[in-house]
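Data block below; observations after.
We did not get these values from a lab; they are worked out from the coordinates using the rules stated. Here the structure is a predicted model, which means the values were calculated and not measured. Virtual Cβ from ideal backbone geometry, glycine too; neighbours counted across all protein chains shown.
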Amino acid sequence: MVDTLVIPLLKIVILLNAILIAVTYMVLLERKVIAWVQSRLGPMRVGPYGALQPIADAIKLMAKEDITPTRADRWVFTAAPIVVLVPALIVFAVIPFGPEVELFGRSVPLYITDINVGLLYVVAIASLGVYGIILAGWASNSKYPLLASLRATAQLISYEVAVTMILVSLVLTAGTLSMVGIVEAQRDAGLWFAFVQPVAFVVFFIGGMAETNRAPFDMPEAEQELTGGFHTEYSGMRFALFFLAEYANMIVISTVATTLFLGGWLRPFPGVAALGFLDLVPAWIWFLFKTFVFLYVFLWIRATLPRYRYDQLMRLGWKVLIPIGIGNIVVTGVVKVLL
Amino acid sequence: MGEAIVFYGLSALILGFAVMVISTRDTVHSVLFLVVNFLLVAMLYVLLGAEFLAVIQVLVYAGGILVLYLFVVMLVNLKRPPETYQDPRRQTRLGLALSGAVLAEFVAIGVYGYTSPEGLPAVAAQAVEGGNVEQVGWVLYTNYLIPFEVASILLLVAMIGAIVLAQRDV
C-alpha cells in the first residue's frame, strides 16, 4: 500500500511542484542572463536582486482580464493551453533523477516509474504537444495566430523526424528503451554516450532547440512578422500556460539529453576509478547540475544568435539533420555488427 | 474485478467518442474526438499488457497521422453544415453494403472465437507476452517477415509517389 500508492503519489506531487517552481525561476534566470550578456542588470526591484520577480509576474498574470475573442471557437480555445501544458508535465514520469536511495529505512527510487518503453513514451507524449499549438492558432480565428501555428507545426513535425532518427541510433548503442536502462548501459560502458555518439548528441541538441521553439529557431514567435505568434489572442493566465509549457519543454529536453547523452545521474568519467571521490556528491545533484548546464546553454544561445530564416530552418531540418540521422543509424549498425 | 471495471469504462468511453466523431457538425471537432478516441484505445492496450503497442498507437496515430488530418481539415475550412450540401457522387448503397460486410466480419470473428475456445485465446496470450518490445520484434522478423516486408515496400512506393507528385510542377 505504502510502496504502491502513497510514495508514488508523494513523488508526483513533489515533482510537479518542483517543476512549476523551476519553470517560474527559469523565466527570471532567462531575463537575468540576457541582461548580463547585454551589460544590463535585469529585474532588480522586487526582492533582493529581483528574486521575487516571478511571484510578482504570476500575481499580475492571474489578475489580468481573461479575454476570449467573440469569433473564437470557445471550447477549443479553452482546451488548447491545457493540451500544450499537460504533455510537457507528464513526460517527467519516466525521467530518472537518480538511482534508489535509502530514505527513512525504505529504498525509494528517484523516478516515478521505469517502463520498458520509456524512451518511446517520451517521444510519443512529446508528439502530442503539437495539438495545443495547432488548436490555439485555429481556434483564435485570426490570421496571424493561424499562420504562426502552421509554421510551428511544420517545424515541430520536421524536427521530430530528425530527433527520432537520432534516438534510433542511440537505442542501438544502449540496447534498451528503458530510461533507467540507458543510464545503466552508460555505467556499464564506463563512458557517457555523448562520447560514443557525438554526432547524435549534436543533432539531438539542435533538434531539441527547434522542438522547443527556442532561439535561433523561435520562428513561431517571430514578433516582427507575426505580432507575437500562435498565442496572440490569449491573455492573462491562459497566456501564462503557454509560457509555462515552453519552459517546461526546455526542462524536458534538458533532462532527456542528460539521461541519454550525459550519463544521467552518473558522475563525470564513470569508468575512471581515480575520480571516485566525485561519488561523494549525491547522484541526483549530478543530474540537476547537468540539466542546469543545458538550460544555461539554451539561454546563452538565445542571447547570442540571431533568428534563422524560415526556408533555412526547413532546409537544415530536412536536408542536413535527417540525412545525418539516417547515416548515423547505418554507421552505428555496421559498427555494432563488427564489434 | 478492478480490471473489468476499467475495461468496461474505457470501452464505453471509446464507443461514446466514436459516436461523437460521426455525429458532430464541426469537422475539426470531429478530428479532435478521434484523437481522444485513439488515446483511449492506447489505454486499452496498456490494460492488455501491450505497452509497446500502446506507445506506438499514440506516436503514430494520435501524434502523427491525425495531425495531418487536422491540417487538411483546417485548411479546406469545411464550415458549411452538412445538410446544405450533398455530395452528388455519394454512394449510399455501396457504403451500406461495405459497412454491412465489415459488421458481418466482426460478428463472424466473435462467433468463431466464442465457439472454438482454442481459436482466440492463443492469440490473446501471445498479445500479452508481446507487450515486450523484444517479443514484438522477434515475432515481426520471424513469423511475419513477409507481410512486414510487403508493408515496407508499400510505404516506400507511397513515399516515391508523393515525391513524384510534388516535383511535377517544379
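Computed quantities for the displayed model
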item: Those residues of the stretch A:11-31 whose amide nitrogen sits under 20 Å from the label point placed on residue A:59, 7 Å along Cα→Cβ; result: A:21-29
item: Most fluctuating residue given options A:32, A:319, A:11, as computed from a GNM of chain A linking Cα atoms under 10 Å; result: A:319
item: Acute angle (nearest 10 degrees) that the helix A:53-63 long axis makes with the longest principal axis of chain A, alpha-carbon atoms; result: 50 degrees
item: Amide proton proximity set for residue A:100, modelled H, under 5 Å, gap of 5+; result: A:110
item: Reachable lysines, given that their alpha-carbon falls under 24 Å from the alpha-carbon of residue A:290 and they are not under 8 places away in the same chain; result: A:11, A:32
item: Reach of residue A:143 by Cα under 26 Å, taken over lysines that are not fewer than 8 positions away in the same chain; result: A:64, B:79
item: Folded to 0 to 90 degrees: helix A:118-139 orientation relative to chain A principal axis, Cα; result: 10 degrees
item: Dipole of chain A, positive direction: furthest Cα of A:244, A:330, A:124, with charges on the beta-carbon; result: A:244
item: At R0 = 35 Å, FRET efficiency that the Cβ-Cβ distance of residue B:76 and residue B:5 yields, to 0.05; result: 0.25
item: Inter-label distance, nm, simple model (7 Å from Cα along the C-beta direction), residue A:312/residue A:52; result: 4.3 nm
item: Using θ = phi - 60° and Karplus 6.51 cos²θ - 1.76 cosθ + 1.60, couplings along the stretch A:280-294 (whole Hz; Gly, Pro as x); result: 5, 6, x, 4, 5, 5, 4, 4, 5, 4, 5, 4, 5, 4, 4
item: Distance between modelled label sites at residue B:156 and residue B:29, nm, 7 Å Cα→Cβ extension; result: 4.5 nm
item: Rg(Cα) / (2.2 N^0.38 Å) computed for the stretch B:1-82, rounded to two decimals; result: 1.22
item: Chain A, relative contact order in percent, only Cα pairs under 8 angstrom and at least six apart counted; result: 23 percent
item: Test item: Cα-centred dipole of the protein assembly as shown, Lys/Arg +1 and Asp/Glu -1 on Cβ, debye; result: 1480 debye
item: Expected 222 nm ellipticity per residue - DSSP helices of 4 or more, -39500 (n - 2.57), all of chain A, to 500; result: -21500 deg cm²/dmol
item: Contour minus Cα-Cα distance for residue A:114 and residue A:326 (0.36 nm per residue); result: 73.5 nm
